[in-house]
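Chemist: Questions regarding the structure given below will be posed in turn.
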Amino acid sequence: MIDYDKTKAWRSGEVRHTYTTRDTILYALGLGVGSDPMDEQQLRLVYEKDLAILPTMAAVLASPGSWMRDRTELGIDFLKLVHGEQGLVIHQPLPVAGSLVGESRVTHIVDKGEGKGAVMHVEKTLKDAQSGALLATTEQVLFLRGDGGFSQRRGGDAPAPASPAVPESAPDVVLEMPIRPEAALIYRLSGDLNPLHADPAVAGKAGFPRPILHGLATWGMAGRAVVQAFCGQQPSHLRALRARLTSPVYPGETLVFDGWLREPGEVAFRVRVKERDVVVLNNGQAKLVAE
């Protein structure tokens, strides 16, 4: 069972990450950018001439790795861990290449009760390695299915406020985003080498008929859709993004992005799989720079 005090006190220390334009291009390719090589707006995300970076790349930069699996004294049941929600705030635009310092920490551990699991929030800050300027803050929310009931011994934090539901009205924008069959094999080269996303045998043991797409790839594709639909194709205009990951996605499927402009600078969204009519991202929120 999770040790609340030890886990809440965990700090990654400084994680230094130097990335190049090649890494920035590879990340965009993993999200399906470049499917139309004649589309100039896609090309500027995958071609070094006037290259632009997708802000969601912050989620894969200077990450602390598999610390929950490696730090066995924390008591986290890693095999029953599920990525439940992902958030991002951009404080200053990310450079297309550079050196960053990431520092991660656990901010909340919420006990849902014996047999009901726990919820853990992990915050990561990204700073420029030279100037120390804060560039981005990410938050990963994890559902620890095997760790409920720990507060009977000690500790436990109050639940975070629930994200607002998407509107019931028809969306203002609907975009279809086909997922390449090899998408997970490309995306994993941005850092997440979990064989669940590449090895059919591993996927089968986990209960899936074939390897699934990374949740952060689905989330990143939603960010790309927000940029396309509401940011005038300017990635730097996306300043915050958050969504719940509600169901797995398979490479080769088609994502459908539903977006609502709630007021200037604020967008609500969800993402569905067209072929199965399943919502895979929900309660989505994005904040934009004022035009």
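Laboratory data are not the source of any read-out in this text; all were calculated from the coordinates shown. Not measured: the values here are computed from a predicted model. Note: ideal-geometry Cβ built from the backbone for every residue, glycine included; neighbour counts use all protein chains shown.
Chemist: Name the GluC sites (Glu not before Pro) in the range 154-219 that are in a loop by DSSP and that have at most 16 other C-beta atoms within 10 Å, would you?
Modeler: Numbers: sites: GLU168, GLU176, GLU182; in loops: GLU168, GLU182.
Of the GluC sites (Glu not before Pro), the ones in loops of the range 154-219 whose Cβ has at most 16 other Cβ atoms within 10 Å are GLU168, GLU182.
Chemist: To the nearest 10 degrees, how steep is helix 21-30 against the longest Cα principal axis of the chain, on a 0 to 90 scale?
Modeler: Orientation of helix 21-30: about 80 degrees from the principal axis.
Chemist: HIS83 to MET38: extension gain in nm, 0.36 nm per residue of separation minus the Cα-Cα distance?
Modeler: 12.7 nm
Chemist: Sum up the charges of everything whose Cβ sits under 11 Å from the Cβ of GLN42, counting Lys and Arg as +1 and Asp and Glu as -1, but leave GLN42 out. Walk me through the numbers before you get to the answer.
Modeler: On the way: positive: ARG44, ARG224; negative: ASP36, ASP39, GLU40.
Here the charged neighbours net out to -1.
Chemist: Next up: In whole Å, what are the Cα extents of the chain along the three principal axes, biggest one first?
Modeler: On the principal axes, the chain reaches 59, 47, 42 Å in Cα extent.
Chemist: So if I take the centroid of the Cα atoms in the range 150-221 and the same for the range 63-122, what is the distance between those two points in Å?
Modeler: Comparing the Cα centres of the range 150-221 and the range 63-122, I get a distance of 14 Å.
Chemist: Something else: Cα atoms only, the range 147-291: Rg and Dmax in Å?
Modeler: 17.1, 52
Chemist: Separate question: Give the range of the longest stretch in the chain that excludes all trypsin sites (Lys or Arg not before Pro) found in loop regions by DSSP and having at most 15 other beta-carbon atoms within 10 Å.
Modeler: The segment 155-273 is the longest one with no such site.
Chemist: Return the sequence-ordered ³J(HN,Hα) values of the range 2-13 in whole Hz as given by the Karplus equation 6.51 cos²θ - 1.76 cosθ + 1.60 applied to θ = phi - 60°, using x for Gly and Pro.
Modeler: So the J values, rounded to whole Hz, are 4, 8, 4, 4, 5, 6, 5, 8, 5, 9, 6, x.
Chemist: Counting other Cβ atoms within 10 Å, keep those with at most 15, restrict to DSSP loop, and tell me which GluC sites (Glu not before Pro) in the range 87-165 are left.
Modeler: GLU114
Chemist: Are there any GluC sites (Glu not before Pro) in the range 1-73 that are in a DSSP loop and have at most 16 other Cβ atoms within 10 Å? List them by number.
Modeler: GLU14, GLU48
Chemist: Further question on the same structure: I want the local charge near GLU176. Using Cβ-Cβ distances under 15 Å, sum +1 for each Lys or Arg and -1 for each Asp or Glu among the other residues.
Modeler: After counting each charged neighbour, the total is 0.
Chemist: Moving to a separate point now. Report the Rg/Rh value for the range 1-45, based on alpha-carbon coordinates and the Kirkwood definition of Rh.
Modeler: Looking at the range 1-45, the ratio lands at 1.36.
Chemist: Shape of the range 150-221 from its Cα gyration tensor (a ≥ b ≥ c, root eigenvalues): rounded if a/c is under 1.5, otherwise prolate when a/b > b/c, or oblate?
Modeler: On the way: a/c = 2.42, a/b = 1.13, b/c = 2.14.
Oblate shape, in that a/c is at least 1.5 and b/c is the bigger or equal ratio.
Chemist: Please report the net charge: other residues with Cβ closer than 12 Å to the Cβ of PRO55, K and R +1, D and E -1.
Modeler: +3
Chemist: Sticking with this structure for a sec: What pairs from LYS127/LYS287; LYS80/LYS116; LYS80/LYS112; LYS8/LYS124; LYS112/LYS205 go past 19 Å between their alpha carbons?
Modeler: Values: LYS127/LYS287 21 Å; LYS80/LYS116 12 Å; LYS80/LYS112 15 Å; LYS8/LYS124 14 Å; LYS112/LYS205 27 Å.
Beyond 19 Å: LYS127/LYS287; LYS112/LYS205.
Chemist: Using amide H atoms built 1.01 Å from N in the peptide plane, name the residues 5+ places from VAL166, or on other chains, whose amide H lies under 5 Å from its own.
Modeler: Under 5 Å from the amide H of VAL166 lie the amide H atoms of ASN283, each far enough along the sequence or on another chain.
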